[in-house]
Amino acid sequence: MTNWYIRGRYVLFRIIVIAAVVLVSAKLWDLQIVSSQSYQTEANANRFRLVQIDAPRGVIYDSAGRLLVRNVPSFSVMVTPGALPEDTEQREQVLQKLGDYLGIPVHETALDSIIYSSSSEGAEPLAINSQRTKTIDDIMNTQYNGEWTAVRIASNVPRDIAFIIEETQTQMPGVSVVAEPIREYLEGELMSHILGYEGRIPADELEAYQAQTELKYQPDDLVGLTGIEATQESVLRGTAGQKHIEVDAYEHEVAVLAEDEPVPGANVRLTIDVELQRAVEDILRDGMKRANSDVGVAVLLDPNTGKLLSSVSLPSFDNNKFSGGISYDEYYQLSSDPNHPMIDHAISGQYPPGSTFKVIPAAAALQEGIITLGTTVNCQGTIKVPNKYFPDDPTLAQTFYCWQTWGHGNVNVTEALQGSCDIFFYTVGGGTNDFEGLGIDRLDEYMKMFGFGSPTGIELTGESKGLVPTPKWKVQNYGESWALGDTYNASIGQGFDLVTPLQLVNATAAIANGGTLYQPQVVEEITDADGHVIQAFQPKVIRELAIDKDILAYVRAAMRDTVANGTARYAQIPGIEVAGKTGSAEYAVWDANGDLVRDEFGHLPTHAWFIAFAPYENPEVAVVVFLEGGGTGAEMAAPVVANILRYYFGLPTVDLSDPTRQIID
Amino acid sequence: MSTTRTYHKVSIWRRYDFVLLILVVILVGLGIVMIYSAYEYSIPKEGRTWWDNLVNRQIIFAIIGFILFFGVSIIDYRHILSLSYILYIGVILILLVTSVLGHTSFGAQSWLRIQNLTLQPSELAKVLVILVTANVLGVEDDKFEKLTPLLLSAILVLPPVALIYLQPDFGTAMILFASWIVMVFLAGVRWRHLAIIAGIAGVGAPILWFRLNPYQRKRVTSFLYPSQADAGDSYNIRQALISIGSGGWWGKGLLKGTQSQLYFLRVRHTDFIFSVWAEEMGFIGAIVLIGLLALLIWRIIRVAMTARDAKGRLIAIGIAAMIFIQTFINIGMNLNLLPVTGLPLPLISYGGSSLVATLLALGLVENVAMHSKPLEADLF
């Protein structure tokens, strides 16, 4: 090549090559030598993680040490949007494969949209949504929280499917399987109201949870939401540990560098005996069938300590459905059931107590000196309350009836309780022209003393406080002033009075034990993972009743007489002296025409109640049974209590469903 | 007759560029080692067939490539050039078929699938276009007072460039066009003619810019304005810089690169294989690799300068330009000096079509070397 003109251009080419080498080397020097330290830091930040190790949650035992709940692994399938293949076709393949494994459609199909649009005329918007199956698209769109935050596509994935997905993970970039312990409740419906259930921290409560810094809550954590799971959350949770791990780009753990072990949560032993609970549930269910009642409650307390021995509310629900997340359909079904199976009616239900309540005005009137044991009231079946504005016009007076329309004649307090005489308690509670009654203020004072109108404070969630009606309350809520008739109704547990079954049995227990109102408790003891007792049972006294011991003894004697000779003879059981009080609480329901529902005699429907304690001397157990709309307490609730006490005292139980069976031995 | 033939044979192998051969063997070998490192732990071993293993595939491609490398070097390049128009028409047809029937991958219809094998005809097209261009431009130097050869070569180079560009494979089209420019320049085209080409390119560039796919435009804008970057691209550029930077002086060791082995770095075995090397072998290793590649290019330029005639010179220079530009664009992309274009690193990156075509091209360089003028060589 002799042409120097061209040769110059070759030299230029070589100079460009040298320049390129110099430029690239300079950049390499800058990256690998000058700034290497900061890139090494970044590379370490990529792969090292300090992650929390959740502590194993404590378990729960019954009073005899039987396991009620344990932790089982559950698998969730997650998708990290940023880790999915960039190529649209490959991305689609991965999602389609995942959808096939999980049985979830990836996209909305034409068929879905037809169902969706045709049902959109329905009045129930929630039901429409449940018609359309959630697609992976839906989940990814609604849960999207950035390219590199994993989205939970499915929880509670069956073990075999989770394993298949885990194994084929390399063919499905962006998909990962997370194992997480969830609760398995061994008794299901039997204990669900007591134990409650777990769920993810509700978004609006996250701050409150995280304020308890020592418990180290993370946004997606499972926490107890109801029942013992919720009230003992801080005990069961344990202390999270942490570990330094190395991860790959898909956040899979590759190696553990250092580990700080978690401290497992403490275990809780309950005061409830699950076998007693099971027997009580069976008996209550039979009793409800017999009384044709849809909702029933039975609560047993130890009157000497306040220990909850058993508490059944029917219908119930299976709290296992909540473990790892309940489906929308199942939740909708449970929450729209008119009998509210998710609600523990023993502590949340508020009902008029009816005649069971009469023990309160009886004790109050004796204590206040309104009556003595010898004071009698003549019951002719009715009593008239004069009109407030025309007190002298008997035609305008309002008539109050005794349930026994022909009257009880002259009755003293014992006979009035035994026969459940309404006229006696109208008179003693509200007074008449020639008899000074307790009056609503003093009646309220005693109701509150017995614990009505405020929650008992048991370690469960959703407890109602009931209602102790006051004149002020009536003005505020009805715009009307308090009338004598309101006091009359309040004196027999009707009108505005509302109690929870637990409040009523707790008041019964206070009468039974001679005047101590205990706070009902359901936690027997708390032990750490090694079995050492951290917290032992301590009875908690709400208050000592300001009622003389002998007065409470008279009331107990009257309750014993009620079972022995009075309205509650169906509560008798062989060999054990039972004391109790019936109640048939009227309540108002309206039919489709807006008319009050009444039976053929014009009576309102009644809830059947029975309160009892046994043995009469040295009581061991106090019981309440409530049957919603069940009829009379004497006929329907008392036999249920009797059967429960038979079981409790080791006697053979009676078949309540057999109508020919004599229920009194 | 027989003595001449014997002499001829000896002289051919005497001029064979063994330095070039050794450089090529070392680079292909390093490439296979790097693919092993980038790939070996990415895919679970169980259930993977021998052919699934990209390392095995690359070894097979290398063997095919070396057969062609030696095969093509034996036949005198002037015989090959006489066939170049037929080959050229063949390549244009293949490119047309690819555009119609091609298999779309990563947004570009640049793959031809024959049963289980996917071929990238544009890789072969690059080599053949260089041959055709060399044949047209390789006339006596003083004839470049005329525009005819220049225009003819332009007419020949535009159809394949356009077809590859429309696939769309912006990177390969650009390499081809740039290699042609270098060849035109080194063929001795007058400055005023170069100015005309520059003028046409200046008018055409904006039109082509707006013909680019949005994702390709985005790659350029994201390079210029990183805040607008596509999440996937900017993620990988970031990871590439972390990989290279964290390598330090000596690197983390083969198979021990945390960025590569834990999948933080994507497309490790193809476009970003340089980052894997720089992470695991450090600054020293990276400089050695760059040095080897630079030496290879230097050596090809040397072959060009010793070539017997203008055609041979232009074949070598076209291939030098092709390898140089592609190497610079790939490493520049790894170092964030240039935008992401998705071009492999010649001889190193995984990819059968690219490796085989590059070895074929280097075989042609050897061919030019074997038929070179011995005396001139000493001057350079």
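The values are calculated or read from the model by the stated rules, or taken from the named source; none is laboratory data. Keep in mind the model is a prediction, meaning the values are calculated, not measured. Note: ideal-geometry Cβ built from the backbone for every residue, glycine included; neighbour counts use all protein chains shown.
See the values below:
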quantity: The stretch B:238-258, subset of a type in the set (A, V, I, L, M, F, W, C) and surrounded by fewer than 17 Cβ atoms within 10 Å (Cβ to Cβ), residue farthest from the other protein chains (Cβ to nearest Cβ); calculated: B:Leu254
quantity: Odd one out for A:Asn506, checked against (1) touching a residue at least 24 places away in the same chain (Cβ under 8 Å); (2) surrounded by fewer than 22 Cβ atoms within 10 Å (Cβ to Cβ); (3) out of contact with any helix residue (DSSP H, G or I) (no Cβ under 7 Å at 6 or more places or on another chain); calculated: (2)
quantity: Which listed residue, of B:Thr358, B:Thr341, is touching a residue at least 40 places away in the same chain (Cβ under 8 Å) and over 25 Å from A:Val11 (Cα atoms); calculated: B:Thr341
quantity: Any strands (runs of 3 or more DSSP E) falling wholly within the stretch A:170-270 and containing at least 2 residues that are without any contact (Cβ under 8 Å) to a residue 24 or more places away in the chain; calculated: A:253-260
quantity: Selection count, the stretch A:511-537, where residues are outside any loop (DSSP other than H, G, I, E, B) and of a type outside the set (A, V, I, L, M); calculated: 7
quantity: Of all residues making up the stretch A:45-60, the number that are within 8 Å of another protein chain (Cβ to nearest Cβ) and out of contact with any Asp or Glu (no Cβ under 8 Å at 6 or more places or on another chain); calculated: 1
quantity: Condition check for A:Gly631: in contact with a strand residue (DSSP E or B) (Cβ under 6 Å, 6 or more places away or on another chain) and buried (at least 22 other Cβ atoms within 10 Å of the Cβ); calculated: no
quantity: Boolean, A:Ser120 is modelled with pLDDT under 75, part of a helix (DSSP H, G or I) and either surrounded by 15 or more Cβ atoms within 10 Å (Cβ to Cβ) or within 14 Å of another protein chain (Cβ to nearest Cβ) (or both); calculated: no
quantity: When residues of the stretch B:260-281 are limited to those that are over 14 Å from B:Asn334 (Cα atoms) and not charged (D, E, K, R), the one farthest from the other protein chains (Cβ to nearest Cβ); calculated: B:Met281
quantity: Search result, residues across the stretch A:55-101 that are β-branched (Val, Ile, Thr) and touching a residue at least 40 places away in the same chain (Cβ under 8 Å); calculated: A:Val59, A:Ile60, A:Val69, A:Val72, A:Val77, A:Val79, A:Thr80, A:Val94
quantity: In the stretch A:154-179, residue nearest to the other protein chains (Cβ to nearest Cβ) [restricted to those that are within 15 Å of A:Gly82 (Cβ to Cβ) and among the aliphatic types (A, V, I, L, M)]; calculated: A:Met172
quantity: Matching option when the condition is free of Cβ contacts under 8 Å to residues at least 60 places away in the same chain and under 20 Å from the mean Cα position of the chain (by Cα), among A:Ser313, A:Ser323, A:Ser336; calculated: A:Ser336
quantity: Any hit, the stretch A:385-396, residues being closer than 28 Å to A:Leu504 by Cα, free of Cβ contacts under 8 Å to residues at least 24 places away in the same chain and assigned by TED's automatic domain parsing to the domain that holds A:Val555; calculated: no
quantity: Condition check for B:Ala294: within 23 Å of the chain's Cα centre (by Cα), at the interface with chain A (Cβ under 8 Å from one of its Cβ atoms), within 28 Å of B:Leu131 (Cβ to Cβ) and modelled with pLDDT of 90 or more; calculated: yes
quantity: Helices (runs of 4 or more DSSP H) enclosed by the stretch B:50-130 - at least 1 residues per element that are basic (Lys, Arg) and at pLDDT 85 or above; calculated: B:54-74, B:77-82
quantity: Tally, over the stretch A:466-503, of residues that are in contact (Cβ under 8 Å) with a residue 40 or more places away in the chain and among the acidic types (Asp, Glu); calculated: 2
quantity: Flag if A:Tyr197 is touching a Leu at 6+ places or on another chain (Cβ under 7 Å) and not hydrophobic (A, V, I, L, M, F, W, C); calculated: yes
quantity: Filter pass, B:Ala321 being on the phi < 0 side of the Ramachandran plot, part of a helix (DSSP H, G or I) and out of contact with any Pro (no Cβ under 6 Å at 6 or more places or on another chain); calculated: yes
quantity: Residues within the stretch B:329-357 that are under 16 Å from the mean Cα position of the chain (by Cα), at the interface with chain A (Cβ under 9 Å from one of its Cβ atoms) and surrounded by fewer than 24 Cβ atoms within 10 Å (Cβ to Cβ), tallied; calculated: 1
quantity: Test result for A:Ile60, surrounded by 20 or more Cβ atoms within 10 Å (Cβ to Cβ) and within 30 Å of A:Glu198 (Cβ to Cβ); calculated: yes
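For (1) within 10 Å of chain B (Cβ to nearest Cβ); (2) crowded, with 19+ Cβ neighbours inside 10 Å, each residue gets a yes or a no:
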{"position": "A:Trp4", "(1), (2)": "no, no"}
{"position": "A:Ile16", "(1), (2)": "yes, no"}
{"position": "A:Val24", "(1), (2)": "yes, yes"}
{"position": "A:Leu28", "(1), (2)": "yes, yes"}
{"position": "A:Arg70", "(1), (2)": "no, no"}
